[in-house]
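The values are calculated or read from the model by the stated rules, or taken from the named source; none is laboratory data. What you see is a predicted model; the values in this text were computed from it and never measured. Cβ placement follows ideal geometry from the backbone for every residue including glycine, while neighbour counts extend to all protein chains displayed. Each accessible area value is taken on the protein alone, full model and side chains, heavy atoms only, with ligands, DNA and RNA left out. Shrake-Rupley method; radii C 1.70, N 1.55, O 1.52, S 1.80 Å.
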Amino acid sequence: MVANNDNAILTRLVDPQQGRLSAAAAEDLLAITFRQDDVDRMNELAESARNGPLTADQRAEMESYNRIAHFLALIHSKARLTLKSNGGGMRRG
């Protein structure tokens, strides 16, 4: 049976190995990153998790960040593969 959790569905939806992007679209997708305040919050949650159990709200928030980070990794992967197949350089995202 095929997994139908958020990450599995997003992976099938984006599928970095399928479909084409223009080089400009790929560059634009690579420019999408978390804002610093979100990075700081993710680090705070990770530190809290290392020091003990998270509250239900903190767990939900961490899971939201994890889902979005997974999606961002997928679209960055698709963008880098597009640029690589077009012979262009790869940016770090």
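Structure above, values below:
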{"quantity": "Inter-site label distance for Ala23 and Glu61 at 7 Å from Cα along Cβ, in nm", "calculated": "4.2 nm"}
{"quantity": "For the chain, size of Cβ-based charge dipole, Lys and Arg +1, Asp and Glu -1, in debye", "calculated": "560 debye"}
{"quantity": "Accessible surface of Ser64 - all protein chains present, 1.4 Å probe, nearest 10 Å²", "calculated": "50 Å²"}
{"quantity": "Chain lengthening between Asn51 and Leu81 when straightened (0.36 nm per residue, less Cα-Cα)", "calculated": "7.0 nm"}
{"quantity": "In the chain, chymotrypsin sites (Phe, Trp or Tyr not before Pro) in a DSSP loop with at most 15 other beta-carbon atoms within 10 Å", "calculated": "Phe34"}
{"quantity": "Residue-level accessible surface for Asp37, protein heavy atoms, 1.4 Å, Å²", "calculated": "80 Å²"}
{"quantity": "Label-point separation in nm, Leu72 to Thr33, each point 7 Å along Cα→Cβ", "calculated": "0.9 nm"}
{"quantity": "In order through region 63-74: 3J(HN,Hα) via Karplus (6.51 cos²θ - 1.76 cosθ + 1.60), integer Hz, x for Gly, Pro", "calculated": "5, 5, 4, 5, 5, 5, 4, 4, 4, 4, 4, 5"}
{"quantity": "Computed over region 1-86: relative contact order in percent, which uses C-alpha pairs under 8 Å that are six or more apart", "calculated": "59 percent"}
{"quantity": "Taking the C-alpha atoms of the chain, convex hull volume expressed per residue in Å³", "calculated": "117 Å³"}
{"quantity": "Equivalent ellipsoid, region 16-64 (semi-axes from 5 times Cα gyration tensor eigenvalues, Å)", "calculated": "33, 13, 8"}
